[in-house]
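Here the structure is laid out as structure tokens; the discussion comes afterwards.
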Amino acid sequence: MRKVKVGENLTIYCYKHDGTINSISEEAVVLESNDDMLVCANKRTKIRECDGREF
């Protein structure tokens, strides 16, 4: 897996327990990254649900 950098923008995919996609967060900025954790934040980003709804 590639190393993510602080300040980089990511798309976050959220999965259900059965492995299907639940929602997608279009943009999240990396605040901290190390071997044990990845901390991201977003503000007013578009969220897309698996049924096509967006908010």
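Bear in mind these aren't lab numbers, they're just calculated from the coordinates by the rules spelled out. Quick caveat: nothing in here was measured; it's all calculated off a predicted structure. Backbone-built Cβ (ideal geometry, glycine too); neighbour counts: all protein chains shown.
What the table shows:
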{"quantity": "GNM result for the chain, Cα springs below 10 Å: residue of Thr20, Thr11, Thr45 fluctuating most strongly", "calculated": "Thr20"}
{"quantity": "Dipole of the chain, positive direction: furthest Cα of Gly19, Phe55, Ser33, with charges on the beta-carbon", "calculated": "Phe55"}
